[in-house]
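Taking it in order: structure first as structure tokens, then the write-up.
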Amino acid sequence: DMILLKHSKFQFEIKKEYEQDLLLWGAEAPLQDVIFNAVDNSCFSMGMKKEKDTNYKPQIIIRGKVSKTMFDFEIEDNGMGIKKENLKKVMDPMFSTKSHQDGSGMGTTVMLQFVQKHGGTISYDSQWGEWTKVKISLPLATEEQKRRK
């Protein structure tokens, strides 16, 4: 909902392909920030592509699956992608390909810190001009943690 408010004039499709009743263990607000930042970056990238191709249909797919004790999910867009030389720097502090008005270069760094603090991993994969996938793995709640909920 926050993304739709921020990008209310930008039309795009979001597909959700994951189980709805999973319980992760962590702070809810920072997790929402991680997802918001990833989707916000996707919207920015798709907006750039839309400016170049008026027939382009922007789309984000959020996938998720359980893998032993982890929940693995990815946020994939069909936007501009990330150039190969920038892919290694995406989570570096202060790195940004956006103008100063559009970003600070700290969003992905904060995402990385939150995910690592909660015992997870995050990575990016991309094809310039085609798509980007943000892959995030976070621990599922243990039985003991579920009882404490």
Net charge near W128 (other residues with Cβ under 9 Å of its Cβ; Lys, Arg +1; Asp, Glu -1) is +1
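Please identify the longest segment of the chain free of exposed GluC sites (Glu not before Pro), where exposed means a DSSP state other than H, G, I, E or B and no more than 15 other Cβ atoms within 10 Å.
Between exposed loop sites, the widest span is 20-129.
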Counting only protein heavy atoms and rolling a 1.4 Å probe, one gets per residue an accessible area for the chain in Å² of 65
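Need one number: convex hull volume per residue for region 1-79, Cα atoms only, in Å³.
With only Cα atoms used, region 1-79 gives 90 Å³ per residue.
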Excluding ligands, DNA and RNA, the carbon-plus-sulfur percentage of the accessible area of the chain with a 1.4 Å probe reads 51
The simple spin-label model distance between E130 and E17, using points 7 Å out along Cα→Cβ, in nm, is 1.6
Magnitude of the Cβ-charge dipole (Lys and Arg +1, Asp and Glu -1) of the chain about the Cα centre, nearest 20 debye, reported as 120
Computed over the Cα atoms of the chain, the Rg and Dmax in Å are 15.8, 52
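So if we plug the beta-carbon distance of K117 and T54 into 1/(1 + (r/R0)^6) with R0 = 35 Å, what FRET efficiency do we get, rounded to 0.05?
0.25
The values are calculated or read from the model by the stated rules, or taken from the named source; none is laboratory data. Everything numeric here is computed off the predicted structure, so don't read it as measured data. Please note: Cβ atoms are built from the backbone with ideal geometry, for glycine as well, and neighbour counts cover all protein chains shown. The accessibility values were calculated without ligands, DNA or RNA, using every heavy atom of the protein model including side chains. Shrake-Rupley method; radii C 1.70, N 1.55, O 1.52, S 1.80 Å.
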